[in-house]
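Peer 1: First the structure, then my questions, so here it is.
The values are calculated or read from the model by the stated rules, or taken from the named source; none is laboratory data. Worth saying up front: this structure is predicted, and the values here are computed from it rather than measured. All Cβ positions, even for glycine, are placed from backbone atoms using ideal geometry, and neighbour counts span all protein chains on display. Please note that ligands, DNA and RNA were not included when accessible areas were found on the heavy atoms of the full protein model with its side chains. Shrake-Rupley method; radii C 1.70, N 1.55, O 1.52, S 1.80 Å.
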Amino acid sequence: MRLRLLALPLLALWGGIACSSGGDDSGSSSSEFAARYCALFKPCCAKAGMPTTQNLCHLMFGAAVAKDQQAAEECISQYEAWAQEADWCETFGSKPRPASCVKAYPEDPSKPSGSKKPGESCNVSSDCALSAKGEVDCYHDFDADSDYCRVRVLAPVGAACTGTKLGNVTVFEGQSQSGATEVSVCDADAGAYCDNGTCAARVAVGGACGGYASCAGTDTYCAGTCKTKVPAGSSCADSSEACQDDAYCPFPEDVCKPRATDGAACSSNEECLSSYCDGTCKAHPGFGGLALGMFCA
């Protein structure tokens, strides 16, 4: 179970790329593909001082079956070409999925495309069937230690809810969801948030607020009432979220301070415009940098 949870984000990003285990000479086998693909990260692992056993990498990318062998070969060849670039180790996580990979491996394991109904056991979200009611995922129920398909239905103002969806992020309230095959969430992009189990209209500046995404707008924050974010040099004593995006609220000064540009010395991510500090502010490594360990182990 632990392995599946770790592997899923990688497969979702790379589109589940791996080659057929068949003996077709027109393309590589799955094990050959995995060997070629994982080898691209050995220099990155060495550069980062990580071990290069790559057992997990071979396991993840050596199982899926290609729908088109020629496209599969073009897919791995594209990644091998990218790996020749000087910044490959820093940028591999942001590379677009090649059209050849989409043709060879059209299924995305992070998207529902199967036949499993809500409540039925699943391994990945692609096991689950699409639903007209809302988004479907393979939910891990920690209380029951089981995985099953579940539908997240967007609820209107006034309806019961378990959480709030804003963009691609859904934050659930504290109540248990164990056993539920259908959960209702408020759509913040449509002006609603979950307030103690009921969808409420997001609050304008000056109104009382509480909870995730309760304040309307993108430049607001909640400190008992909804307020507009303030620029560098202004007080942020009432909330660490009070500063505009190009500033942060250092403790204990509680005065918004400008975020630093790349190259400036730093001690925390919040000090940098890039939101990434490694002794100095620098471009965020993105998913690629954070996931490198999975390609090395």
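Peer 1: For a quick check: with amide H placed at 1.01 Å from N, whose amide H comes under 5 Å from S146's, ignoring anything fewer than 5 positions away on the same chain?
Peer 2: For S146, the qualifying residues are D141.
Peer 1: With θ set to phi - 60° and the Karplus curve 6.51 cos²θ - 1.76 cosθ + 1.60, what are the ³J(HN,Hα) couplings of segment 42-47 in order, to the nearest whole Hz, using x for Gly and Pro?
Peer 2: So the J values, rounded to whole Hz, are 4, x, 5, 5, 5, 4.
Peer 1: If you roll a 1.4 Å probe over the heavy atoms of the protein chains, what accessible area per residue do you get for segment 232-283, in Å²?
Peer 2: Numbers: 3000 Å² over 52 residues.
Ligands and nucleic acids excluded, the result is 58 Å² per residue.
Peer 1: Moving on to the next point. Can you give the Rg to Rh ratio of segment 48-174, both from alpha-carbon atoms, with Rh computed by the Kirkwood formula? Each step should come with its number before you reach the end.
Peer 2: On the way: Rg = 18.9 Å, Rh = 17.9 Å.
For segment 48-174, the value is 1.06.
Peer 1: With only Lys, Arg, Asp and Glu charged, each at its Cβ (+1 for the first two, -1 for the last two), find how big the charge dipole of segment 168-277 is about the Cα centre; round to the nearest 20 debye.
Peer 2: Values: 5 positive and 15 negative charges, 35 e Å.
Dipole about the Cα centre, nearest 20: 160 debye.
Peer 1: Next question, about the same structure. Could you order V171, V230 by accessible surface area, starting with the largest, using a probe radius of 1.4 Å?
Peer 2: Working: V171 55, V230 35 Å².
Result, largest first: V171, V230.
Peer 1: Moving to a separate point now. Using amide H atoms built 1.01 Å from N in the peptide plane, name the residues 5+ places from S184, or on other chains, whose amide H lies under 5 Å from its own.
Peer 2: Hits under the 5 Å cutoff: V153, T162.
Peer 1: Quick one: what are the phi-derived ³J(HN,Hα) couplings along segment 85-91, Karplus 6.51/-1.76/1.60 with θ = phi - 60°, whole Hz, x for glycine and proline?
Peer 2: Per residue, the Karplus-derived 3J(HN,Hα) values read 6, 4, 9, 3, 5, 8, 10 Hz.
Peer 1: A follow-up question, please. So for T91, T164, T280, what's the accessible-area order with a 1.4 Å probe, most first? Working shown, then result.
Peer 2: Details: T91 35, T164 5, T280 55 Å².
Highest to lowest solvent-accessible surface, that is T280, T91, T164.
Peer 1: What figure in square angstrom, to the nearest 10, would you give for the accessible area of L273 with a 1.4 Å probe?
Peer 2: In the full protein context, L273 sits at about 90 Å².
Peer 1: Starting from the amide H of C277, placed 1.01 Å from N in the peptide plane, find each other amide H under 5 Å away whose residue is 5 or more places distant or on another chain.
Peer 2: N269
Peer 1: At a probe radius of 1.4 Å, what is the per-residue accessible area of L166, in Å² to the nearest 10?
Peer 2: About 60 Å², rounded to the nearest 10.
Peer 1: Can you sort S184, S240 by solvent-accessible area, 1.4 Å probe, largest first?
Peer 2: Numbers: S184 40, S240 85 Å².
Per-residue accessible area, sorted high to low, gives S240, S184.
Peer 1: Oh, and also: Hey, which of these cross-link pairs are over 28 Å Cα-Cα: K133/K229; K165/K227; K165/K257?
Peer 2: Working: K133/K229 36 Å; K165/K227 21 Å; K165/K257 30 Å.
The answer is K133/K229; K165/K257.
Peer 1: I'd like the accessible area for S31, computed on protein heavy atoms only with a 1.4 Å probe and all protein chains in place. Round to 10 Å², please.
Peer 2: 80
Peer 1: Cα convex hull of segment 136-263: how many Å³ per residue? Provide the component values of the computation, followed by the final result.
Peer 2: On the way: hull volume 19.1 nm³, N = 128.
Dividing the Cα hull volume of segment 136-263 by its residue count gives 149 Å³.
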